[in-house]
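A short write-up of the structure that comes next.
The values are calculated or read from the model by the stated rules, or taken from the named source; none is laboratory data. What you see is a predicted model, and the numbers here were worked out from it, not measured in a lab. Cβ placement follows ideal geometry from the backbone for every residue including glycine, while neighbour counts extend to all protein chains displayed.
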Amino acid sequence: MVKNVLVVGGGIGGMSAALALTRRGMQVALIDSDPNWRVYGAGITITGMSLRAFDDLGVLDDIRARGFVHNGMRPRRFTGEVLPGPPLAAENAPPVMLGGGIMRPVLHDILSTRVRATGIDVRLGVAVQAIDQDDTGVDVVLNDGTKERYDLVVGADGIFSTMRTMLFPDAPKPKFTDQGCWRIVADRPPEIDRAEIYFGGPMKIGMSPISQDQMYVFLLEHVPGNPWFAPETHVAHLSELMAPFGGHIPAIRAALGDDSNIVYRPLEWLLLPDPWYKGRVVLIGDAAHATTPQMASGAGLAVEDGLVLADELSKTDDIAVALRGFMDRRFERAKLVVETSVKSGELEIAGAPQTGIMAAANKTLAQPY
Ligand SMILES: Cc1cc2nc3c(=O)[nH]c(=O)nc-3n(C[C@H](O)[C@H](O)[C@H](O)COP(=O)(O)OP(=O)(O)OC[C@H]3O[C@@H](n4cnc5c(N)ncnc54)[C@H](O)[C@@H]3O)c2cc1C
């Protein structure tokens with residue numbers, strides 16, 4: 001029987017796992033190597049599957065209150081004309097039919113406040129130095145000199161996971177996709193009341209409401225060679241990228257300035273082969289399956305991982321059976337998100353339509369996880 005668990009990494013995946021495991025009666029310690037437990041200030045899209053997972057975790061009301069939830073997507077041609085889109089969900093439709101957005105730091109605040117209120121033992125500025133396991137537990141040496149023993153260790157330390165390297169030294173490394181993602185936080189005019197995506201232009205641009213008065217705008221740029229963009233060049237660079245676009249883009253472009261909140265990230269992906277566990281140590285979230293953002297479902301997958309792990313552990317006292325059950329519910333789903341996102345990025349670079357593969361994948365993701 002799993003009684004005490006160490007969760008390594010306090011991102012969306014680690015905090016979700018900590019909450020879900022605690023709810024199932026397990027004693028959880030959560031460590032994060034960042035002494036300030038910071039998260040960068042960009043917006044994030046929350047798809048239907050992510051909203052359902054947040055609902056199952058018990059934080060959907062907070063997300064509705066502090067983020068933005070809407071009932072569909074409005075596609076546009078890059079010149080601005082509205083295109084026929086998928087049908088809108090009814091206002092009272094279940095979360096999986098809806099969409100939304102939120103600032104990452106706001107989501108972090110919602111989850112971390114819940115984690116602390118739940119009495120989870122949170123320790124910051126702490127990382128794992130060594131693990132050594134036997135049939136009955138895992139001995140963990142932390143970088144503060146502490147030595148502890150746990151029934152289970154959950155590695156949720158993100159795409160550049162050191163837990164993954166410790167567990168699987170030969171695991172594939174994150175792979176750059178020749179695309180970079182620009183994100184800007186901007187004031188939201190009331191008419192942008194749902195996600196909008198601009199198709200058919202030299203690149204994909206979209207926007208998503210993240211609160212009552214803000215939205216974030218994203219641009220996916222083809223950047224072979226993974227160049228570095230000096231911060232002082234960001235405004236001019238984005239202004240040039242946005243020039244061919246119509247609709248709401250000219251107003252967003254005109255408002256760009258030195259005080260604009262702009263975040264740039266090169267896009268990388270990784271899919272660890274099955275299994276994501278060895279003995280009593282298991283990887284979840286981006287540590288096991290880091291996706292590019294085309295399907296906007298990386299966060300949802302990470303939350304689902306935590307919920308499913310807790311669910312499988314509560315069904316049996318045999319950890320091997322529980323972790324096998326976890327993999328059986330997670331691998332194909334994560335693979336679908338990662339592979340569809342990467343393929344969609346390749347089609348974007350080639351200027352080919354991607355909506356078909358995305359719609360098919362979304363239909364599968366709407367099924368129970
Ligand atoms: C540009 C971009 C845009 C994206 N947009 C979206 C989107 O719109 N919607 C969506 O759903 N997903 C999106 N994603 C994906 C999403 O951000 C990730 O899938 C999600 O954050 C994964 O959560 P995680 O907890 O696994 O990892 P992370 O969020 O990376 O958290 C890892 C945590 O581990 C800690 N840590 C790191 N190393 C150690 C260590 N050695 N010891 C202890 N702690 C450690 C870190 O401090 C951090 O707190 C996007 C990703 C990118 C790159």
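Within the stretch 227-236, can one find any residue that is within 29 Å of ASN71 (Cα to Cα) and not in a loop (DSSP other than H, G, I, E, B)? Please lay out each step first, then the result.
The initial filter retains those residues of the stretch 227-236 that are within 29 Å of ASN71 (Cα to Cα), namely none.
There is no residue in the stretch 227-236 that is within 29 Å of ASN71 (Cα to Cα) and not in a loop (DSSP other than H, G, I, E, B).
Kindly establish whether ALA93 is of a type outside the set (S, T, N, Q), touching a Ser or Thr at 6+ places or on another chain (Cβ under 8 Å) and either on the phi < 0 side of the Ramachandran plot or surrounded by 18 or more Cβ atoms within 10 Å (Cβ to Cβ) (or both).
Values: of a type outside the set (S, T, N, Q): yes; touching a Ser or Thr at 6+ places or on another chain (Cβ under 8 Å): no; either on the phi < 0 side of the Ramachandran plot or surrounded by 18 or more Cβ atoms within 10 Å (Cβ to Cβ) (or both): yes.
No; evaluated as a whole, the condition is false for this residue.
Consider GLY279 carefully, then state whether it is surrounded by 14 or more Cβ atoms within 10 Å (Cβ to Cβ) and closer than 30 Å to ASP317 by Cβ. Write out each step before concluding.
Details: surrounded by 14 or more Cβ atoms within 10 Å (Cβ to Cβ): yes; closer than 30 Å to ASP317 by Cβ: yes.
Criteria met by GLY279.
Only residues that are within 16 Å of the ligand (Cβ to nearest atom) and of a type in the set (A, V, I, L, M): list them for the stretch 240-271, please. Break it down stepwise before answering.
Initially, the stretch 240-271 is screened for residues within 16 Å of the ligand (Cβ to nearest atom), giving 241, 261-271.
Once the filter is applied, which keeps residues that are within 16 Å of the ligand (Cβ to nearest atom) and of a type in the set (A, V, I, L, M), the stretch 240-271 yields LEU241, ILE262, VAL263, LEU267, LEU270, LEU271.
For LYS343, all conditions in the list (1) farther than 29 Å from THR22 by Cβ; (2) touching a Phe, Trp or Tyr at 6+ places or on another chain (Cβ under 6 Å); (3) more than 16 Å from the ligand (Cβ to nearest atom) hold save one; what is the number of the exception?
(2)
Being in contact with a strand residue (DSSP E or B) (Cβ under 8 Å, 6 or more places away or on another chain) and either assigned to a strand (DSSP E or B) or acidic (Asp, Glu) (or both) is the filter here, so list the residues in the stretch 168-182 that pass it.
Passing the criteria: LYS175, PHE176, THR177, ASP178, GLN179, GLY180, CYS181, TRP182.
Return yes when SER297 is hydroxyl-bearing (Ser, Thr, Tyr), crowded, with 16+ Cβ neighbours inside 10 Å and over 30 Å from LEU30 (Cα atoms) and no when it is not. Before you say what the answer is, go through the steps one by one.
Details: hydroxyl-bearing (Ser, Thr, Tyr): yes; crowded, with 16+ Cβ neighbours inside 10 Å: yes; over 30 Å from LEU30 (Cα atoms): no.
Here the answer is no, as SER297 does not meet what is asked.
Identify the single condition in (1) at pLDDT 95 or above; (2) surrounded by 14 or more Cβ atoms within 10 Å (Cβ to Cβ); (3) in contact with a Gly (Cβ under 6 Å, 6 or more places away or on another chain) that VAL141 does not satisfy, given that it satisfies every other one.
Every condition holds for VAL141 apart from (3).
Kindly state which strands (runs of 3 or more DSSP E) lie completely within the stretch 112-167 and contain at least 2 residues that are within 12 Å of the ligand (Cβ to nearest atom) and in contact with a strand residue (DSSP E or B) (Cβ under 9 Å, 6 or more places away or on another chain).
Values: elements: 121-124, 128-133, 138-142, 147-150, 152-155.
Because the criterion is at least 2 residues that are within 12 Å of the ligand (Cβ to nearest atom) and in contact with a strand residue (DSSP E or B) (Cβ under 9 Å, 6 or more places away or on another chain), the strands (runs of 3 or more DSSP E) in the stretch 112-167 that meet it are 121-124, 128-133, 138-142, 152-155.
Please determine whether any residue of the stretch 91-98 is outside any helix (DSSP H, G or I) and in contact with a helix residue (DSSP H, G or I) (Cβ under 6 Å, 6 or more places away or on another chain). Quick ask: steps written out before the conclusion?
Step one: list which residues in the stretch 91-98 are outside any helix (DSSP H, G or I), which gives 91-94, 98.
This time we only want the ones that are in contact with a helix residue (DSSP H, G or I) (Cβ under 6 Å, 6 or more places away or on another chain), so: 98.
Yes, the stretch 91-98 contains at least one residue that is outside any helix (DSSP H, G or I) and in contact with a helix residue (DSSP H, G or I) (Cβ under 6 Å, 6 or more places away or on another chain).
Could you go through the stretch 199-214 and let me know if any residue there is among the aromatic types (Phe, Trp, Tyr) and over 30 Å from ILE319 (Cβ atoms).
Of all residues in the stretch 199-214, those among the aromatic types (Phe, Trp, Tyr) come to 199.
Among the residues that remain, those that are also over 30 Å from ILE319 (Cβ atoms) are: 199.
Checking the stretch 199-214: at least one residue is among the aromatic types (Phe, Trp, Tyr) and over 30 Å from ILE319 (Cβ atoms).
Do we find a residue being closer than 22 Å to ASP135 by Cα, away from the ligand (no atom under 12 Å from the Cβ) and either crowded, with 20+ Cβ neighbours inside 10 Å or of a type in the set (A, V, I, L, M, F, W, C) (or both) anywhere in the stretch 325-332?
Yes.
With respect to ALA156, determine if the residue is of a type in the set (A, V, I, L, M) and touching a helix residue (DSSP H, G or I) at 6+ places or on another chain (Cβ under 9 Å).
On the way: of a type in the set (A, V, I, L, M): yes; touching a helix residue (DSSP H, G or I) at 6+ places or on another chain (Cβ under 9 Å): yes.
The answer is yes for ALA156.
So, ALA320, is that one assigned to a helix (DSSP H, G or I) and away from the ligand (no atom under 16 Å from the Cβ) or not?
Details: assigned to a helix (DSSP H, G or I): yes; away from the ligand (no atom under 16 Å from the Cβ): yes.
When the stated conditions are applied, ALA320 passes them.
So for the stretch 237-246 (the condition being in contact with a Phe, Trp or Tyr (Cβ under 9 Å, 6 or more places away or on another chain), part of a strand (DSSP E or B), touching a residue at least 40 places away in the same chain (Cβ under 8 Å) and crowded, with 18+ Cβ neighbours inside 10 Å), does at least one residue qualify? Even if it seems obvious, please write down each step before you answer.
Residues of the stretch 237-246 that are in contact with a Phe, Trp or Tyr (Cβ under 9 Å, 6 or more places away or on another chain), as a first pass: 237-238, 241, 244-246.
Now restrict to residues that are part of a strand (DSSP E or B): none.
No, that holds for no residue.
Quick test for you: out of VAL303, VAL308, pick the one residue that is touching a Phe, Trp or Tyr at 6+ places or on another chain (Cβ under 8 Å), away from the ligand (no atom under 12 Å from the Cβ), assigned to a helix (DSSP H, G or I) and in contact (Cβ under 8 Å) with a residue 24 or more places away in the chain. Walk me through how you get there before you give the answer.
Details: VAL303 fails: away from the ligand (no atom under 12 Å from the Cβ).
Going through VAL303, VAL308 in turn, the sole match is VAL308.
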